[in-house]
Amino acid sequence: QCLLSGSWRSDTGCRMVVSVLGKDGSFSGSYLPGPAAGNSEILTSPLEGSQQDVGLVPQPTFSFTVRWRLRAQTTTFLGQCYVGTSGEETLHALWLLREAADSPTEDWKATR
């Protein structure tokens, strides 16, 4: 069974901590980018998300959003939690980062 509560670390050293996991699959916590982010002023930022019901799906999908504290950016992650043959849980996710654009003509470069 794959539950998101607890601490997770990415291959690049980012850390996600899910501190509250609701019965409805909603969760909240914090996110801290790793050294690959290259910016020492980025602080731990809040995250909120949801996970499929693990009673219905043993390897559930999930999504969460990080609201960066010091930047006009939001990052959304979408993925799935897998349980390996020895019981280890692994998250696989894609992400989108959105920066605030100064105008509609600058919109094209605001999403990575």
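The values are calculated or read from the model by the stated rules, or taken from the named source; none is laboratory data. Remember, predicted model here, so these are calculated numbers, not experimental data. Neighbour counts run over all protein chains shown; Cβ positions are idealised from the backbone, glycine included. Heads up: the accessible areas ignore ligands, DNA and RNA and are worked out on the full protein's heavy atoms, side chains in. Shrake-Rupley method; radii C 1.70, N 1.55, O 1.52, S 1.80 Å.
Worth a mention:
- Two-site label geometry, ASP11 and LYS109: point separation in nm, points 7 Å out along Cα→Cβ: 2.9 nm
- Carbon plus sulfur fraction of accessible area for the chain, probe 1.4 Å, in percent: 53 percent
- Cut-off 15 Å between beta-carbons: net charge of the residues surrounding GLY29, Lys and Arg +1, Asp and Glu -1: +3
- Counting only cysteine Cβ atoms and a cutoff under 4.7 Å, the chain contains unmatched residues CYS14.
- Per-residue Karplus couplings for segment 78-92, computed as 6.51 cos²θ - 1.76 cosθ + 1.60 with θ equal to phi - 60°, are listed in order as 9, x, 9, 9, 10, 10, x, 5, 9, x, 6, 9, 9, 9, 10 Hz, Gly and Pro entered as x.
- Charge tally in the Cβ shell below 14 Å around GLU99, where Lys, Arg are +1 and Asp, Glu are -1, GLU99 excluded: +2
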